[in-house]
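Quick notes on the structure that follows.
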Amino acid sequence: MKSTESQTESHDYLKWEERYSRPGRKRHVPDSLLLENWHRLEGPRILDVACGEGRNSLFLASKGFQVTGIDRSPTAIAKARQWASEASLNPDFICWDLDSLSLPGAPYDSIVVTRYWQPSLCPVLTEALRPGGVLLYETYTIEFLRYRPQSSGNYLLQPGELPKFFTDMEIMHSAEVDKPQTREYCAQLIARKIQGISAQIANVTQL
Ligand SMILES: C[S@@+](CC[C@H](N)C(=O)[O-])C[C@H]1O[C@@H](n2cnc3c(N)ncnc32)[C@H](O)[C@@H]1O
């Protein structure tokens, strides 16, 4: 596993660095699926994948969870740390390249992913959850192009695709939602990692 405090460069990396380097302060409203469903997450340890400037990490930390936020952009991570300091919150922010197909600090009680799609990462996310742990995922589908036809179309899900990447989990919520107010179209998933047979036997023998 490797941290990316020393970066390799790619087109996406430069794009995100440029965005996060723009002046101005961003409002840190958490993702709406998270806002409405955070109480369904397991704690205490939660991983926020591709956390950006940390809007979800900060929200979860304010609810008392022990949060680790990871993102490839050093500028985003620096800003997230600054926001956390200003809010007297202490999530751990780590500069991390998800192309490594590894996650720091696993296993977690819950994992949150919003506005990020990397199909090869899906089995890694499942593996990084403890049995009974919860995944909350929300990201754009191809319908998003209705609102942003100029978007490259990369990293967009096909209709019905998201749950197919987590078939070995218990689905708690799955939907595709139009959000005209924010001009977004998203797939949503909340799913629980099924306890393995050995975990179930251990639970029974403890009774
Ligand atoms: C659309 S933003 C979403 C940020 C945050 N999850 C949110 O909802 O506000 C996508 C994020 O993915 C990060 N990212 C892109 N490629 C990455 C990679 N290979 N490893 C880690 N983070 C990456 C970008 O730096 C950016 O912060």
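Where a number appears in this text, it was derived from the coordinates with a stated rule and is not lab data. Since we're looking at a predicted model, the values are computed, not measured. Note: ideal-geometry Cβ built from the backbone for every residue, glycine included; neighbour counts use all protein chains shown.
Odds and ends about this structure:
- Put in line by how crowded their Cβ is, counting other Cβ atoms within 10 Å and starting with the fewest, CYS51, CYS186 read CYS186, CYS51.
- Relative contact order (percent, whole number), the chain, Cα cutoff 8 Å, 6+ residue spacing: 17
- Sequence-distant aspartates and glutamates (8 or more away, or on other chains) whose Cα lies within less than 20 Å of LYS179: ASP31, GLU36, GLU138, GLU143, GLU161
- The label-point distance for HIS39 and LYS15, in a model that sets each label 7 Å from Cα toward Cβ, rounds to 3.8 nm.
- Estimated FRET transfer efficiency when R0 is 25 angstrom, pair GLU127-GLN181 (beta carbons, to 0.05): 0.10
- Where labels lie 7 Å past Cα in the beta-carbon direction, separation of SER62 and ASP168 in nm: 3.7
- Length available on full extension from SER100 to SER151: 0.36 nm per residue minus the Cα-Cα distance, which gives 15.8 nm.
- Per the Cα gyration tensor, segment 29-193 maps to an equivalent ellipsoid with semi-axes of 23, 19, 15 Å, ordered largest to smallest.
- Residues of type lysines that LYS15 reaches as a straight line, Cα spacing below 21 Å, ignoring anything fewer than 8 places off in the same chain: LYS26, LYS79
- DSSP-defined beta bridges in segment 53-207 - what % are antiparallel, rounded to 5: 60
- One chain, two ends: ASN90 and GLN158. Fully extended at 0.36 nm per residue, the span grows by 20.8 nm beyond their Cα-Cα distance.
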